[in-house]
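Colleague: There's a structure below that I have some questions on.
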Amino acid sequence: MANDRGVVSDEIRALLEDEQDAEFEEEIARNPFSLKSWLRYLNAKTQAKPVKRYLIYERALKFLPGSYKLWWAYLQERKEQVDGRVPVNHPRYQILLNTLERALVHLSRMPRVWLDYLDTLVDMKKATKTRRAFDAALQSLPITQHERIWSLYLPWAQNLGVKETAIRVFRRYLKYDPSQRESYVDFMEKLGEMEEAAVHLAICVNDDAFFSPKGSSKHALWMRLCDMCARHPTAISRRLKVDAIIRSGLARFTDETGKLWCKLADYYIRQGQFERARDVYEEALSTVLTVRDFTMVFDAYSQCEESLLTARVAMLAEEEEPEDETDDDLDVEGDDTDLRLARLEDLMERRPILLSSVLLRQNPHNVHEWHKRAKLFQAQNDPHKVIVCFTEAVKTVDPKKAFGKLYSLWTAFAKYYEEHDDIDNARVVLNKATLVNFKGVEELAGVYCTWAEMEIRHENFEEALQVMQHAVTEPSQAIQRRRQTEAQGRALGGGKKGGEERAEMIASIPVQERVHKSTRVWSLFLDLEESLGTVATTKAAYERCLELKVATPQIILNFASFLEENAYHEEAFRAYEKGVSVFGWPHVKPLWSLYLQKFVARYGGSKLERARDLFEQCLEKVPADEAADFYIRYAKLEEEHGLARHAMAIYDRGTQAVPEDKRYDFFLLYIKKVEALYGVTRTREVYQKAIEVLPDEGAKNMCIQFAELERKLGEIDRARAVYTHGANFADPRRDPGFWKKWQDFEVNYMADDAMAMVQAKEGGGEEKDEATADAETLAREVAKAEEKAKRAQAARVMAGGAGGVKRKGGSEREELEAVERQAKRLQAVTAAAVAALERNEEEIDIDDMEEEGEEGDRRQEGGEEKEIHIHIEGDTEMQVKAKPVPAAVFARAGLEENAKDGEEGNGGSMGALERLKKAGGQR
């Protein structure tokens, strides 16, 4: 002690040697409990040796043992001397540890000091002391600060390497924070403690308030638990009921039933309970609801059976063969290889049936799937299973929920009995089918028709007729209900709401009370009556069918045909009348067509007025698309038995009634008929009307035919006027064919005004030379007036017929004179143009016009225009010889006298202009 005091005194004496230290010492001596004085003193000794600073800290802490600031600064300087500088077994570590322990005596509530203390113990690898220090820290600190301790405690316990210590520490931590139970499960699974992991995972799954910090869902936890139970059945089965756990998962997660069933079977397989696993697979195949789950379970099942068979074969192969061979077929050692093989084959054969069961569990009202199932049993040649299948089907399927036609199951059931020559049972099945309240009337009608057809196939014609008579007979309940329905319908009134309620009321009536109005039933019944009944019963059946308003156009046609075969022609016509009054277009078309055909064929022209009335009734409501045929037949009737003018009037009406796309062809037919009845000249009126009515394309083609007709008749002026009028419908750029025909016409019948056509087609072009500029300008001015006059002349020519245009007064003569004056002016202009063209160096022959015309057309399509220069060699006047009009032109129309008068007056055929002049002179 004396020596220690001497040392201290020496140190104090050394400190006092410094004047600044003396000042701090005096201040501390006056007030040793001032923290600021000690801190100023320590700041002043920053550059001093650590030993001197440690001495000051120790003196300060002697007076201020509860100062956290002093302790924290002191501990930090102590840690700096050991961190990374000395090994953990150095004495400095022990000094640091002692200092921390002294600090904890005064600062036991400070978590930061505890953490430094625990870090130091962890670094020194003192397990027991560290564990006790962690426990002391948890005991000393408030619970709000425990999280900071556990963040070090858990990793240390997990990395310690002592399983029991880690498990106990983690269990204590779960009491503090149960939400980390999933982490505990992970840790236990890592340690191989599957039983402990499964128990705590089951706690997580059963706790509805549990929320996974890792974001795992209840489904994921369930699947993890089931997988854990299946993989480690021996360890887990001691504390958990694995079967109950997995089956509860099957009830909760229906979308994973396939996986859960496979895990449950795997659980028993790993325990060696193969028969129990087989039962699980069979139960799964009979309960799964989706094809995906079925495929998963079936594949696992077949793989299990195959693995067992393979293992058994390998086991037998390894065993030694017995030395003594016996003839006994029984295997005394219990060789079940054949049994296992038979099980596998049976499983593979049952796959289609099992799959069908899955689909039917999805929708037991699926009629198509029941049919497929029955066919599978039929393929196995097992009548008992087929009958059981059909019986189960008709009992299971709800008529109102059936997907497909339910009656097809009944009829297929009856047909199966029929194929096996059991007609009585087939009748029983069909009779029961007629009592089923099907969704629609057509299904019950199908049952009756199938029943009747079966009787016909077995030549039981009377029974077939009785079945159909029963079907078409209105039940007494239906009569009463119909009266009630009519009364309620009158009470409901009209309107949308009343119509909907009435429709619902009708739909609620059983199909047995509505089948007597089925068209399908009546069609078969009428066919049987015609074949097996008398004329009277058949007529009564047809009349009843019409009375119930269930007849179709085909039934009407059959009724009329039946009456005609039995020579009841007028009654057949009355049947047609009823049909056309009931049905509308287009359903009534075959009725009208056959009615008119039969009537005309029977009476011809003897009842012409009645036939006309029928045609008029038909044409009154016939749609435009169907009108052409009936107008042609009507006109043919008039041609054969009536008047020609009536036929022409019908054709004329038809040109307005038919649709636009058929109007052109109808006009061609009209023209042919006029030509046959009145001669060619009377077709001019039809041509004129066709040109007025038809669209541009049809009018253009009609103008071409009209002009060709006039050309054949020698009426060149008329033909040119028609071409001029048709030019309004033909664009030279888009329709060069029309202009080529007109050009060919003008080349063959060249006139003085032929250049008008060329100018109309060209419409302009490249710049001309100065020699022809004036002539062309004057020609265009005259052409406008001449075109107007030609159009008026063409209209009069087309309307005038054989005698020309007939007008009153002197206006006609004035118009003719005006046309002649314009023609003379055009001739003068054309002559001037020809003279100017002759002076050009380049000359074009008429023979080359066609080739250059084609080249000009090509250039015109390419955006170029070509001026055509025509050089006429020799005399400019062409001698055109008039040809006489053939006498056949005026066939049957009585126009021969007109033709003769024309020939006598002019010594030959005259053009339109000459005839007009002559007519004007006579007036």
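Colleague: Check every one of the helices (runs of 4 or more DSSP H) wholly within the stretch 432-497 and list those with 2 or more residues that are at pLDDT below 80 and touching an Asp or Glu at 6+ places or on another chain (Cβ under 6 Å). Can you show your working first?
Modeller: Details: elements: 441-457, 461-472, 476-492.
In the stretch 432-497, the matching helices (runs of 4 or more DSSP H) lie at 476-492.
Colleague: For the structure I just gave you, tell me whether Phe706 is aromatic (Phe, Trp, Tyr), within 30 Å of Ala601 (Cβ to Cβ) and either open to solvent by less than 50 Å² (accessible area, probe 1.4 Å) or in contact with a helix residue (DSSP H, G or I) (Cβ under 8 Å, 6 or more places away or on another chain) (or both).
Modeller: Values: aromatic (Phe, Trp, Tyr): yes; within 30 Å of Ala601 (Cβ to Cβ): no; either open to solvent by less than 50 Å² (accessible area, probe 1.4 Å) or in contact with a helix residue (DSSP H, G or I) (Cβ under 8 Å, 6 or more places away or on another chain) (or both): yes.
So Phe706 fails the test.
Colleague: Among the numbered conditions (1) without any contact (Cβ under 8 Å) to a residue 40 or more places away in the chain; (2) assigned to a helix (DSSP H, G or I), tell me where His587 comes up short.
Modeller: Answer for His587: the failing condition is (2).
Colleague: Any chance the stretch 620-628 includes a residue that's assigned to a helix (DSSP H, G or I), over 20 Å from Pro659 (Cβ atoms) and touching a Phe, Trp or Tyr at 6+ places or on another chain (Cβ under 7 Å)?
Modeller: From the stretch 620-628, those assigned to a helix (DSSP H, G or I) are 620-621, 624-628; that's our starting set.
Okay, now just the ones that are also over 20 Å from Pro659 (Cβ atoms), so none.
So far as the stretch 620-628 goes, no, none of its residues is assigned to a helix (DSSP H, G or I), over 20 Å from Pro659 (Cβ atoms) and touching a Phe, Trp or Tyr at 6+ places or on another chain (Cβ under 7 Å).
Colleague: Can you list residue pairs whose Cβ atoms sit under 9 Å apart, with the first residue in the stretch 161-177 being open to solvent by 30 Å² or more (accessible area, probe 1.4 Å) and the second being among the acidic types (Asp, Glu)? Count only pairs 6 or more apart in sequence or on different chains.
Modeller: Pairs found: Lys163/Glu193; Tyr176/Glu147; Asp177/Glu147.
Colleague: Continuing with the same structure: So, in the stretch 645-701, of the ones that are of a type in the set (Lys, Arg) and either open to solvent by less than 50 Å² (accessible area, probe 1.4 Å) or more than 19 Å from Ile632 (Cα to Cα) (or both), which residue ends up farthest from the chain's Cα centre (by Cα)?
Modeller: Residues of the stretch 645-701 that are of a type in the set (Lys, Arg), as a first pass: 645, 653, 662-663, 672-673, 682, 684, 689, 700.
Retained after the next criterion (residues that are either open to solvent by less than 50 Å² (accessible area, probe 1.4 Å) or more than 19 Å from Ile632 (Cα to Cα) (or both)): 663, 682, 684, 689, 700.
Values: Arg663: 40, Arg682: 59, Arg684: 57, Lys689: 50, Lys700: 46 Å.
Among those that are of a type in the set (Lys, Arg) and either open to solvent by less than 50 Å² (accessible area, probe 1.4 Å) or more than 19 Å from Ile632 (Cα to Cα) (or both), it is Arg682.
Colleague: Condition check: part of a helix (DSSP H, G or I), surrounded by fewer than 17 Cβ atoms within 10 Å (Cβ to Cβ) and of a type in the set (Gly, Ala, Ser). Does Ala601 satisfy that? Explain how you work it out, then say what you get.
Modeller: Details: part of a helix (DSSP H, G or I): yes; surrounded by fewer than 17 Cβ atoms within 10 Å (Cβ to Cβ): yes; of a type in the set (Gly, Ala, Ser): yes.
Judged against the criteria, Ala601 is a match.
Colleague: Restricting to the stretch 587-622, give me the number of residues that are of a type in the set (D, E, K, R) and closer than 14 Å to Ala572 by Cα.
Modeller: Here is the first cut: in the stretch 587-622, the ones of a type in the set (D, E, K, R) are 589, 598, 602, 607, 609-610, 612-613, 616, 620-621.
When the remaining residues are screened for being closer than 14 Å to Ala572 by Cα, the result is 598, 602.
The total comes to 2.
Colleague: Which one of these is modelled with pLDDT of 85 or more, surrounded by 12 or more Cβ atoms within 10 Å (Cβ to Cβ), of a type in the set (Gly, Ala, Ser) and in contact with a helix residue (DSSP H, G or I) (Cβ under 7 Å, 6 or more places away or on another chain): Ala202, Ala197, Ala235? Step through it out loud before you land on a result.
Modeller: Working: Ala202 fails: modelled with pLDDT of 85 or more; Ala235 fails: modelled with pLDDT of 85 or more.
Result: Ala197 is the single residue among Ala202, Ala197, Ala235 that is modelled with pLDDT of 85 or more, surrounded by 12 or more Cβ atoms within 10 Å (Cβ to Cβ), of a type in the set (Gly, Ala, Ser) and in contact with a helix residue (DSSP H, G or I) (Cβ under 7 Å, 6 or more places away or on another chain).
Colleague: Give the residues of the stretch 146-158 that are closer than 16 Å to Val113 by Cα and crowded, with 17+ Cβ neighbours inside 10 Å, sorted by residue number. Before you say what the answer is, go through the steps one by one.
Modeller: Here is the first cut: in the stretch 146-158, the residues closer than 16 Å to Val113 by Cα are 146-153.
Residues satisfying the conditions are His146, Ile149, Trp150, Leu152, Tyr153.
Colleague: Here is a further query. Could you check, for the stretch 611-626, whether at least one of its residues is modelled with pLDDT of 85 or more, touching a Cys at 6+ places or on another chain (Cβ under 9 Å) and surrounded by 15 or more Cβ atoms within 10 Å (Cβ to Cβ)?
Modeller: no
Colleague: Is there a residue in the stretch 349-361 that is within 30 Å of Ser307 (Cα to Cα), touching a helix residue (DSSP H, G or I) at 6+ places or on another chain (Cβ under 7 Å), of a type outside the set (Val, Ile, Thr) and open to solvent by 70 Å² or more (accessible area, probe 1.4 Å)?
Modeller: Within the stretch 349-361 (the criterion being within 30 Å of Ser307 (Cα to Cα), touching a helix residue (DSSP H, G or I) at 6+ places or on another chain (Cβ under 7 Å), of a type outside the set (Val, Ile, Thr) and open to solvent by 70 Å² or more (accessible area, probe 1.4 Å)), the answer is yes, since at least one residue qualifies.
Colleague: Go through the stretch 304-405 and tell me which helices (runs of 4 or more DSSP H), entirely inside it, have 1 or more residues that are modelled with pLDDT under 85.
Modeller: Working: elements: 337-349, 351-362, 367-379, 383-396.
Those helices (runs of 4 or more DSSP H) span 337-349.
The values are calculated or read from the model by the stated rules, or taken from the named source; none is laboratory data. Since the model is a prediction, treat every value here as computed from it, not as a measurement. Heads up, the Cβs are rebuilt from the backbone with ideal geometry, glycines too, and the neighbour counts pull from every protein chain shown. Side chains included, ligands, DNA and RNA excluded: accessible areas come from the protein's heavy atoms. Shrake-Rupley method; radii C 1.70, N 1.55, O 1.52, S 1.80 Å.
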